[in-house]
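The values are calculated or read from the model by the stated rules, or taken from the named source; none is laboratory data. Since the structure is predicted, the reported quantities are computational estimates derived from the model, not experimental observations. FYI the Cβ positions are ideal-geometry reconstructions off the backbone, even for glycines, and counts take in every protein chain you see. What goes into the accessible areas is simple: the full protein's heavy atoms, side chains included, and nothing from ligands, DNA or RNA. Shrake-Rupley method; radii C 1.70, N 1.55, O 1.52, S 1.80 Å.
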Amino acid sequence: MGTILDQYGRPYGERFARAVNRDTSRGLVFNRRDESIRKLIPACDRRALSALSRKVVFNTGPARACITQKSQLVVGESFLPKYHGPDAAAGIDATDWLESVWFSEFDFIGARRWRPFWETISKAIDRDGEAFLIKTIRPGDNRHALTPIPCYRVRSENSTVVNSGEYDGARVDDGIGYDSYGRVIFYRIYSTDQDFEDVPAERVIHIYDQDFTEQRRGYPAFAASLSDILQGLQSKELEILRQILVSNILLLNKGTRAPQATDAGFEGVVNSSTGQEMTREQVAPGIWYLSGDAEVDSVQQKTPGDIWESFQDRLWREAVIGAGWAYSLVWKSPGQGTAERAEVVRARLSVRNRFRTLSEAAIQAITWGLADPRAPRVDSMRWSVTRPARLTVDDGREERADLEKVKTGAMSEEEFQANRGKSLREHMTERARALQTAEEVAESMSTPERPIRPEELLVRSDAPDFEKAEAVEIENE
């Protein structure tokens, strides 16, 4: 674990950088000066928060589960390209090329595939605060790829002005270069501790959740609660130590004459909690001797108890909710229908917001992939990506409600399939494949005595698609 230190190496006396201070006599003292978030949280503090968040998330179960669950639900089986341009045939060819060719080689390192890649990006946004992708051209064959860059490699030691070269006169602040109008024109990316390259902004995809209009870098999801998490972890370590110490004591023998430390087979020790001098038997180290009344007591561990656990729950509840996730999905379920649905709705909103952020970056990536010289040409770049299946607490009831909307025209079948994590084209392809398979099987299995019709092998093939889904749902119930 780590902590935020000041320039003298002492623990930082502020919570959430310069936004609020801790005072032992007055508690939390907020800074009354109204400044830009970039001054309240300068570059050095943002880097410290990001580094500390990486360590905390890696070492704590609830934080890790929180960002992992969100990333899995945001991506799921979705994130496939969907074309909205006028030339449908060209869009189908481009989609097929993306899925069959580019998605298997888009990563410059070659270690990741399309969907797991975006899950990793989602985790980075929560854990580190942001993610960077560089649009790369492979040397030798000019193939287009993406290179992910960890956030700690985008930095500058302090705010400076470029005095020469292509970006002469530009201002560099926290790894980002700005022109005289305040527009982002490049990112300073370090390859080693000393060597860096100023990469043009049009070649960089910068992904983060923006909470302030003047914000240019992302902050970790747990930034506001890192101090609480660390203190909770310290309390846990001390309770573990207490458990270990008590586990070493089996009985307390309070005889009239306690053995002395000078006796053979005994040694003198000091209780680390109370400072009391005691004698321990070396042969049976679980029995401790005290002077006093003639009796033998068994040792009972009474801590940590419900109060300690309740306080730990409170710390984690504030941390997880502050990170924009549903606490019951990570730790304890409320066990009540209404409360359960409220938690799912909260998680659903979080998934929707993260999907919007990631899908914008994914569309930029897809557009870069289609600029590859091997890619089929399309006249329009109107693309989107398929949405993940909607998170629900009662799949059957919500799907039946959506089916009613499709019947009345309040919802399109494309939106209905999107809520199930599929595109309309995928669904229609599956239907066509099922019909084709039914025809082939019916033809191969039919006899003159018992001809088999393809529709006999399908579920109500004469009914509309949403009615068939409803029939299957009712049958399953």
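In the range 63-221, a dipole from Cβ-located charges (positive for Lys and Arg, negative for Asp and Glu) runs towards its positive end, and of Tyr181, Phe79, Thr68 it is Thr68 whose Cα lies farthest in that direction.
Taking θ as phi - 60° and the Karplus parameters 6.51, -1.76 and 1.60, the scalar couplings of the range 428-438 work out to 5, 4, 5, 4, 5, 5, 5, 5, 5, 5, 4 Hz in sequence order, x denoting glycine and proline. Accessible surface ranking for Met428, Met278, 1.4 angstrom probe, highest first: Met428, Met278.
Backbone phi angles across the range 67-82, fed through the Karplus curve with coefficients 6.51, -1.76 and 1.60 (θ = phi - 60°), yield HN-Hα couplings of 6, 5, 4, 4, 5, 5, 6, 5, 8, x, 9, 9, 6, 8, x, 9 Hz in residue order; Gly and Pro are listed as x. Roughly speaking, what is the stretch gain from Glu426 to Lys302, that is 0.36 nm per residue apart minus the C-alpha to C-alpha distance, in nm to one decimal? My answer for the length gained is 38.8 nm.
Net charge within 12 Å of Gly369 by Cβ-Cβ distance, Lys/Arg positive one each and Asp/Glu negative one each, not counting Gly369 itself? If you can, show how the numbers build up before the last one.
Details: positive: Lys135, Arg143, Arg374; negative: Glu99, Glu105, Asp107, Asp372.
Residues close to Gly369 contribute a combined charge of -1.
Accessible surface for Glu166 stands near 150 Å², nearest 10, in the context of the full protein assembly shown (1.4 Å probe). Counting only residues at least eight positions apart within a chain, or on another chain, the lysines with an alpha carbon under 17 Å from that of Lys407 are Lys468. Positive contributions from Lys and Arg (+1) and negative ones from Asp and Glu (-1), summed over other residues with Cβ under 14 Å from the Cβ of Lys70, come out at +4.
Suppose every K and R has +1 on its Cβ and every D and E has -1 on its Cβ; what is the size of the dipole of the range 55-174 about the Cα centre, in Debye to the nearest 20? Mind showing how you got there, number by number?
Details: 15 positive and 17 negative charges, 111 e Å.
Around 540 debye, computed over the range 55-174.
Normalising the average separation of contacting C-alpha pairs (under 8 angstrom, six or more residues apart) by the number of residues puts the relative contact order of the range 316-379 at 21 percent.
Accessible area of Ile363 (1.4 Å probe, protein heavy atoms only, ligands and nucleic acids ignored): about 50 Å².
Per residue, how large is the accessible surface of the range 142-243? Use a 1.4 angstrom probe and give square angstrom.
On the way: 5410 Å² over 102 residues.
That works out to 53 Å² for each residue.
For Lys39, a cut-off of 27 angstrom between C-alpha atoms picks up these lysines, skipping any fewer than 8 places away in its own chain: Lys55, Lys123. Ligands, DNA and RNA left out, the accessible area of the range 22-160 computed with a 1.4 Å probe is 51% carbon and sulfur.
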